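What follows is calculated from the coordinates using simple rules that are stated; it is not laboratory data. If you're wondering where the values come from, they're calculated on a predicted model, not measured in any experiment. Here Cβ is always computed from backbone atoms with ideal geometry, including for glycine, and neighbour counts include all displayed protein chains.
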Amino acid sequence: MITVENLTKVYGSTVAVDHVSFAVRPGVVTGFLGPNGAGKTTTMRMMLGLDRPSDGSVSFDGRSYAQLGAPLRHVGALLDAKWVHPNRSARSHLRWLAASNGIARRRVDDVLGMVGLTEVAGKRAGGFSLGMSQRLGLAAAMIGDPAVLLFDEPVNGLDPEGIVWIRNFMKQLAAQGRTVLVSSHLLTEMSLTADHVVVIGRGRIIADCSIGEFTSSARQTVRVRSPQLQQLGDLLVHNGIGVRADDRVDGPPAIVVDGATTEQVGDLAARNAITLHELSSQTASLEEVFMTMTADSVEYRAPHG
């Protein structure tokens, strides 16, 4: 189990991580989400002792990373897939890591097979694609057969088959009772992978809940098409129901209704002899929920127009 308590990191006048507290429990995949600049990587670096916190602490089953003897046997991490000497082969890189923590050499071939790199084990890591480097990083994280795993954007550079593979890989690790924390900007992928999410924005925790609770906060709307769209829209507004134009650029004009069910919209249209060509209930996607939740926490925005 990972316990993060009051974790803070200040650079001059900038507060990168602001009194963050959360727990990552074994047996589930926990997604660590947030916009660019939210503090995800800084938090993970502090967890591993790569950056010194200004305040707060992180413990792995009650001990800090610095207190772990042979830490690769307890905590495995993938923060930077390209963190490997380019002239070393994949096998040599893993043998070096194994030797540094007193891990048997035979484990190297085990993890190479685990991530599908056996056939390229003797090739220079500097010539690997980003996807292959990600797999090597996963092998390095697994070298000590640790109970706790931290992955930062582990599907970067992987093709669709590789993404499905790593999704199942992380689920298997959690099913074995391991503690798995994974950061990602691929929200749809996280909805298929994570059991729990911790959302951070501008260095502060915005949400800490199950994936079901996170997605259940999605707004329900009703999409309507009608040859009498203006008349229907006026009626809905007159009845105190929110209406806005559908922002889709393709297809015929439509409106989106907030705060009413399909039954309420249909009944109102029927009472006023309004023809409907479409009446459908919609749920905001995970991306829309995330964007709404982190709207005030985005550091950089694209210009409009």
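Would you mind classifying the stretch 173-230 by shape? Square roots of the alpha carbon gyration tensor eigenvalues, ordered a ≥ b ≥ c; an a/c under 1.5 is rounded, otherwise it is prolate if a/b is larger than b/c and oblate if not.
Because a/c hits 1.5 or more and a/b exceeds b/c, the stretch 173-230 counts as prolate.
When the dipole is taken about the Cα centre of the chain, and only Lys, Arg (+1) and Asp, Glu (-1) are charged at their Cβ, what size is it in debye, to the nearest 20?
Dipole about the Cα centre, nearest 20: 1400 debye.
Could you work out the helix-only [θ] at 222 nm for the chain, with each DSSP H run of four or more residues adding -39,500 (n - 2.57) and the total divided by the number of residues, to the nearest 500 deg cm²/dmol?
My calculation for the chain gives -9500 deg cm²/dmol from helical runs alone.
How do ARG91, ARG135 line up, fewest other C-beta atoms within 10 Å first?
Ordered from fewest to most neighbouring Cβ atoms within 10 Å, ARG91, ARG135 come out as ARG91, ARG135.
Take peptides 231-241, 195-205 and line them up by average Cβ neighbours within 10 Å, highest first, as a rough protection proxy.
So the peptides 231-241, 195-205, ranked by packing, come out 195-205, 231-241.
For a footprinting-style exposure proxy, rank TRP165, TRP83 by other Cβ within 10 Å, fewest first.
Starting with the residue having the fewest Cβ neighbours, the order is TRP83, TRP165.
Among rounded, prolate and oblate, which fits the stretch 134-260 when a ≥ b ≥ c are the square roots of the eigenvalues of its C-alpha gyration tensor, a/c under 1.5 means rounded, and a/b larger than b/c means prolate?
It is prolate, given that a/c is not under 1.5 and a/b is the larger ratio.
Out of every Cα pair in the chain, what percent are spaced more than 37 Å from each other?
31
Using the crude model of +1 on Lys and Arg Cβ and -1 on Asp and Glu Cβ, and no other charge, please compute the dipole size for the stretch 74-229 relative to its Cα centre, in debye to 20.
The dipole magnitude comes to about 260 debye.
Lysines near LYS9 by alpha-carbon distance under 29 Å, same-chain residues fewer than 8 away left out - which ones?
The qualifying lysines are LYS40, LYS82.
Taking only Cα atoms, what is the 0 to 90° angle, nearest 10, from helix 130-142's long axis to the longest principal axis of the chain?
Orientation of helix 130-142: about 60 degrees from the principal axis.
If you plug each phi of the stretch 30-40 into the Karplus form 6.51 cos²θ - 1.76 cosθ + 1.60 with θ = phi - 60°, what whole-Hz ³J(HN,Hα) values come out, in order, with x for Gly and Pro?
9, x, 10, 10, x, x, 4, x, 6, x, 4
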